[in-house]
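The values are calculated or read from the model by the stated rules, or taken from the named source; none is laboratory data. Computed from a predicted structure; not experimentally measured. We place every Cβ from the backbone using ideal geometry, glycine too, and count neighbours over all the protein chains shown.
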């Protein structure tokens, strides 16, 4: 450990003394099953985080995503944001973490929402992704406060919803309503689980689309009288496998994406459905509709117009060859790649704090998947935004998800030193 002042040493020691309290907070968060979809227990979790922020001296408010279709009476979208003022109004350092989690799924050997501590780790859905990150940022600043120190600028903490399906009712809503913007926000750290010894500068782009192929219904005993939409989809997917995917493998980004295999452009068929529902009785019919959801990850070196255009061109080729090939395309989500300047002050300070806490030179990486940095940089126009947090990226969405306690505490120290150095 290499700290530069007696004040930093006091804060680091305070974090060590708070270890049990930090762990207990993560356990309590995990025990609130904020499963998305459909968006369970969001108000309960927002209130729990907001209560802790209020206890720690923050001015706290709850922001509901009014006007969005996903904000319903049965599953309200409730975000929480707190502000702790220091000796001056600026700079403002904003910590953000999402508290929605994916469904538990199968394959667990421990209770998914139990928050069990075992062998130096906390187990449960959302430990890595990313409730440990929320705890780390809150207790990093609380350690400074309990050490009797006042920061020069202001600290903001937000707990937000729906990151797992785009963040539009969460960070995007906060940005669009003026809570996070370059006019009032200087730095943003999103506490995603990219590894305690690494600093994440940004992420690749993503294009989600739905492709539908249309057929003509007929009796299943006389399929020659109809057009099978599933067969038409099969032809399209065959072209993806044999034409598009080999071309994507040849495209490699200069962004430092980890793991290195993700530096290539990619396409995944996320889901497919066609014909009659597989539940209940079936009747002999030729399928007249088949739909597939595609997940295309694109690089900063690729133009989106070309990303979309090459898929449409493939569909048009099939239609030109087969008069019965009819299709529709619906765009679902487009996220452009983002990357912070590796030489900006925020990156330098976080990297320096990692170096001082862990005695390693942290690699500057980019994420294979997107997260809420897209909204902060593209909508909020905050250039100095990065991801840093405890947890293991490869454990996200896995059975027996966990976060190591030593990673949690070390990340808390890194965030505390970063806050002190940015707002000194």
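Within the range 299-328, the residues that satisfy the criterion of being touching a residue at least 60 places away in the same chain (Cβ under 8 Å) and more than 28 Å from residue 231 (Cα to Cα) are 299, 300, 302, 304. Here residue 380 clears all of (1) closer than 24 Å to residue 260 by Cβ; (2) surrounded by 15 or more Cβ atoms within 10 Å (Cβ to Cβ); (3) touching a residue at least 40 places away in the same chain (Cβ under 8 Å) except the condition numbered (1).
Select from the range 316-328 the residues that are assigned to a helix (DSSP H, G or I) and surrounded by 15 or more Cβ atoms within 10 Å (Cβ to Cβ) and list them in ascending order. Matches in the range 316-328: 318 only. The set of residues in the range 254-282 being free of Cβ contacts under 8 Å to residues at least 24 places away in the same chain, assigned to a loop (DSSP other than H, G, I, E, B) and touching a strand residue (DSSP E or B) at 6+ places or on another chain (Cβ under 9 Å) consists of 276 alone.
If you go through the range 136-160 and pick out every residue that is surrounded by fewer than 21 Cβ atoms within 10 Å (Cβ to Cβ) and in a helix (DSSP H, G or I), you end up with 2.
For the range 173-195, the criterion of being in a helix (DSSP H, G or I), over 30 Å from residue 284 (Cα atoms) and touching a helix residue (DSSP H, G or I) at 6+ places or on another chain (Cβ under 6 Å) is met by at least one residue. Going by what's in this entry, would residue 406 be described as within 21 Å of the chain's Cα centre (by Cα), surrounded by fewer than 21 Cβ atoms within 10 Å (Cβ to Cβ) and either in a strand (DSSP E or B) or on the phi < 0 side of the Ramachandran plot (or both)? No: the conditions fail for residue 406. Restricting attention to the range 387-403, the residues being touching a strand residue (DSSP E or B) at 6+ places or on another chain (Cβ under 9 Å) and not in a loop (DSSP other than H, G, I, E, B) number 5.
Collect the residues in the range 287-315 that are loosely packed, with under 13 Cβ neighbours inside 10 Å and either at pLDDT below 95 or part of a helix (DSSP H, G or I) (or both), keeping them in residue-number order.
From the range 287-315, those loosely packed, with under 13 Cβ neighbours inside 10 Å are 301, 303, 305-306, 309, 313; that's our starting set.
Hits for the range 287-315 are 305, 306, 309, 313.
Within the range 368-386, can you find the residues that are within 25 Å of residue 179 (Cα to Cα) and not in a helix (DSSP H, G or I)? Result: 369, 370, 371, 372, 379, 380, 381, 382, 383, 384, 385, 386. Within the range 124-135, can one find any residue that is within 29 Å of residue 7 (Cα to Cα) and surrounded by fewer than 24 Cβ atoms within 10 Å (Cβ to Cβ)? No: the range 124-135 contains no residue that is within 29 Å of residue 7 (Cα to Cα) and surrounded by fewer than 24 Cβ atoms within 10 Å (Cβ to Cβ). Of all residue pairs spaced 6 or more apart or on separate chains, those with beta-carbon atoms under 7 Å, a first member in the range 392-404 that is more than 11 Å from residue 123 (Cβ to Cβ) and in the same structural domain as residue 123 (by TED's automatic domain parsing) and a second member that is modelled with pLDDT of 90 or more and part of a helix (DSSP H, G or I) are 392/128; 396/128; 396/129; 397/129. Has the range 183-205 got any residue that is under 30 Å from residue 290 (Cβ atoms), under 16 Å from the mean Cα position of the chain (by Cα) and in contact (Cβ under 8 Å) with a residue 40 or more places away in the chain? There is at least one residue in the range 183-205 that is under 30 Å from residue 290 (Cβ atoms), under 16 Å from the mean Cα position of the chain (by Cα) and in contact (Cβ under 8 Å) with a residue 40 or more places away in the chain. Against the test of being free of Cβ contacts under 8 Å to residues at least 40 places away in the same chain and farther than 22 Å from residue 353 by Cα, the options 119, 165 yield a single qualifying residue, 119.
Pick out, from the range 22-110, the strands (runs of 3 or more DSSP E) lying fully within it that include 2 or more residues that are surrounded by 14 or more Cβ atoms within 10 Å (Cβ to Cβ) and either out of contact with any strand residue (DSSP E or B) (no Cβ under 8 Å at 6 or more places or on another chain) or free of Cβ contacts under 8 Å to residues at least 60 places away in the same chain (or both).
Details: elements: 59-64, 78-84, 92-98.
Qualifying strands (runs of 3 or more DSSP E): 59-64.
With respect to residue 331, determine if the residue is outside any loop (DSSP other than H, G, I, E, B) and either buried (at least 21 other Cβ atoms within 10 Å of the Cβ) or touching a residue at least 40 places away in the same chain (Cβ under 8 Å) (or both). Spelling it out, residue 331 is indeed outside any loop (DSSP other than H, G, I, E, B) and either buried (at least 21 other Cβ atoms within 10 Å of the Cβ) or touching a residue at least 40 places away in the same chain (Cβ under 8 Å) (or both).
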